[in-house]
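Structure first, commentary second.
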Amino acid sequence: MNNFLRKHSEKIVGYSLISPAVLLISLFGVFPVFFGMYMSVHKWKVFKGRFLGFENYERILGSIPAFFVFILGLLALILSYWIWSEYKDRYQFKQKIYVLISSLTILSIGIYLININWSIMVDQGDEDYLYALIYTLYYAFFTIIFEIGLGLVIAFALYQKLAGKQFFQMILLFPYITPAVMGAAVFFLIFGKAETSFLNQFVGFFGIEPQLWLFDKRPITEVLFGVKIDGLFAGPSLALTSSIFYGIWSYTGYYAIILLAGLSIIPSDLYEAARVEGASRWQTFIKITVPLLMPIIFFLALTGFINTFQAFNSIFVMQTSSAGDTMDVVTIEIFDHFWGRVKYGYAAAEGVILFVLLNVLAISQYVIFRKKIHYD
């Protein structure tokens, strides 16, 4: 026994140190996932009811096989990008054509599978939940793009020698530390439909007519261009777009601080060498700053998409009946079934589906960024 302890003393100490963290993660992270899966196959209203199997999933998705083929289509899109990015630089022009054809073929198959099986699910399943996925995708995509883009610009500006830089860094964190409910309540007043609301008075200075903002369910393409487009390319409603502005406001400063910390560890010798070679500030930004910040950008994009897919508080506060269901993102839909309709098992099944989609999203982001997050 003593020999065993001496031989494995380092491992025992290591496992002892990480055991509290493993216990907490297992209890509050892993267990809820599996318990949610268990709930999802039962009729559960406050107390556990009869076993339903995959009935809840069938009601949500319309066709479970169609959902798995839909996921297969998403994976085909990822595979298409992986083939092109992996092999396009390995061959000469003739072989590169074959790689391109293979990639486009798989891409076409993936789009076809997604389109056909999405139509099946919408026709036979829970249309409200499925459209909530689209609204969530709108919210996540536009929020993350602008948060990272603006955060990068702000971080690069603050990285320069500016007077009072520390003061601006402190100001940037204010939106992030502001309670979501309070911030959303203020934005609800700013984006009010009254002509006397702050935003309507502001746009009035530029000759723009007052808008309904959070009370307008028209797609943003119709508001901006007067063109009625149905489907995915119609874009988010003006109401959801208004809530996207809140998401951008609340996280951009936080992202800027993280990116600024990344900028501080980039060797200054690289910038000096670039200046000696005659590179402009824009060229150094594109060729040096962005590539070396890519690991941080990947982290922010991954965690940001997961957080926006789980966004709830601010959207719940800014919801209006006039906007219809155009602000019903997935978390709102799950909350409605869990709390409003007391369908715990059904809501758990919706959560499991979201869990699967988030994992596919994480895989896709890794495939896109994998060659850009390593400096070697």
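The values are calculated or read from the model by the stated rules, or taken from the named source; none is laboratory data. Note that this is a predicted model, so its numbers are computed, not measured. So basically every Cβ, Gly included, is an ideal-geometry build from the backbone, and we count neighbours across all protein chains shown.
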query = If a residue has to be over 23 Å from THR284 (Cβ atoms) and loosely packed, with under 14 Cβ neighbours inside 10 Å to count, how many in the stretch 146-178 make the cut?
reply = 8
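Can you find a residue in the stretch 168-177 that is modelled with pLDDT of 85 or more, of a type in the set (Ser, Thr, Tyr) and under 19 Å from the mean Cα position of the chain (by Cα)? Before the answer, list the steps.
Taking the stretch 168-177 and keeping what is modelled with pLDDT of 85 or more, we get 171-177.
Add one more test, that the residue is of a type in the set (Ser, Thr, Tyr), and what stays is 176.
Those still in the list that are under 19 Å from the mean Cα position of the chain (by Cα) too: 176.
Yes, the conditions are met somewhere in the stretch 168-177.
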Residue, modelled with the highest pLDDT, within the stretch 198-219, restricted to residues that are surrounded by fewer than 17 Cβ atoms within 10 Å (Cβ to Cβ) and of a type in the set (A, V, I, L, M) = VAL203
request  = Evaluate the stretch 219-239: report whether one residue or more is farther than 30 Å from ASN115 by Cα and in contact with a Ser or Thr (Cβ under 8 Å, 6 or more places away or on another chain).
outcome  = no
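When the stretch 305-347 is examined, which residues are found to be assigned to a loop (DSSP other than H, G, I, E, B) and not charged (D, E, K, R)? Please lay out each step first, then the result.
Quick first cut of the stretch 305-347, residues assigned to a loop (DSSP other than H, G, I, E, B) only: 310-312, 319-320, 324-329, 341-343.
Within the stretch 305-347, GLN310, ALA311, PHE312, GLN319, THR320, GLY324, THR326, MET327, VAL329, VAL342 meet the criteria.
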ask   = Got a number for residues in the stretch 111-164 being under 27 Å from PRO291 (Cα atoms) and of a type in the set (A, V, I, L, M)?
value = 13
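Check whether at least one residue in the stretch 100-107 is crowded, with 18+ Cβ neighbours inside 10 Å and free of Cβ contacts under 8 Å to residues at least 24 places away in the same chain, and report yes or no. Give the derivation first.
As a first pass, look at the stretch 100-107 and keep what is crowded, with 18+ Cβ neighbours inside 10 Å: 103, 106.
After this cut, where a residue has to be free of Cβ contacts under 8 Å to residues at least 24 places away in the same chain as well, the list is 103.
Yes: the stretch 100-107 contains one or more residues that are crowded, with 18+ Cβ neighbours inside 10 Å and free of Cβ contacts under 8 Å to residues at least 24 places away in the same chain.
Do you know which residues across the stretch 37-68 are in a helix (DSSP H, G or I) and surrounded by fewer than 18 Cβ atoms within 10 Å (Cβ to Cβ)? Steps first, answer last, please.
Keep residues of the stretch 37-68 that are in a helix (DSSP H, G or I), which gives 37-40, 55-61, 64-68.
If the condition is that a residue be in a helix (DSSP H, G or I) and surrounded by fewer than 18 Cβ atoms within 10 Å (Cβ to Cβ), then MET37, TYR38, GLU55, GLU58, ARG59, ILE64, PRO65, PHE68 are the ones that fit.
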